[in-house]
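The values are calculated or read from the model by the stated rules, or taken from the named source; none is laboratory data. Quick caveat: nothing in here was measured; it's all calculated off a predicted structure. Glycine gets a Cβ as well: all are built from the backbone with ideal geometry, and neighbour counts include every protein chain shown.
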Amino acid sequence: MHASARLVAFLPSVDLDRARPFFHDALGLRLSEDSPFACVFDAQGTELRVTRVDRAPEAPFTVLGWTVDDIAAAIAELTGRGVTFVRFDGMDQDDLATWTAPGGARVAWFKDPDGNTLSLTQPAEEPR
């Protein structure tokens, strides 16, 4: 692997017409390519290819996530755009559905239209 190679992220979708507005309108990603095979978005310089599949596999874990400076503000913005955050049994999540990791990072999860689990993470504050 060459160190200067750029990362490309992939997500499966059985319905690109449903996925496209979610990633573009709800998440605010710029659509850079659109075909019957994939919708490609610019995620702050990382290419995200939402690829058409006949059947989307169900991953029991987070498949894609974003680091944010203010998770409460990010949740409010996405909720205002129709994104619903999820709660998981056995996870101690607060009123915003965020979980605080043992190291202090705060994490919230949501699903895309195909059921892929996505997340927001606000890193722990560095000790002063």
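Considering segment 54-104 alone, what residues qualify as being hydroxyl-bearing (Ser, Thr, Tyr) and either surrounded by 14 or more Cβ atoms within 10 Å (Cβ to Cβ) or part of a loop (DSSP other than H, G, I, E, B) (or both)? If you could, list the steps in order and put the result at the bottom.
Here is the first cut: in segment 54-104, the ones hydroxyl-bearing (Ser, Thr, Tyr) are 62, 67, 79, 84, 98, 100.
Those that are hydroxyl-bearing (Ser, Thr, Tyr) and either surrounded by 14 or more Cβ atoms within 10 Å (Cβ to Cβ) or part of a loop (DSSP other than H, G, I, E, B) (or both): THR79, THR84, THR98, THR100.
Identify all residues within segment 9-30 that are without any contact (Cβ under 8 Å) to a residue 60 or more places away in the chain, surrounded by 14 or more Cβ atoms within 10 Å (Cβ to Cβ), of a type in the set (A, V, I, L, M) and not in a loop (DSSP other than H, G, I, E, B); write none if there are none.
Selection gives LEU16, ALA26.
What residue, of VAL107, VAL40, is at pLDDT 95 or above, within 16 Å of the chain's Cα centre (by Cα), crowded, with 16+ Cβ neighbours inside 10 Å and not assigned by TED's automatic domain parsing to the domain that holds HIS24?
Details: VAL40 fails: not assigned by TED's automatic domain parsing to the domain that holds HIS24.
Being at pLDDT 95 or above, within 16 Å of the chain's Cα centre (by Cα), crowded, with 16+ Cβ neighbours inside 10 Å and not assigned by TED's automatic domain parsing to the domain that holds HIS24 holds for just one of VAL107, VAL40, which is VAL107.
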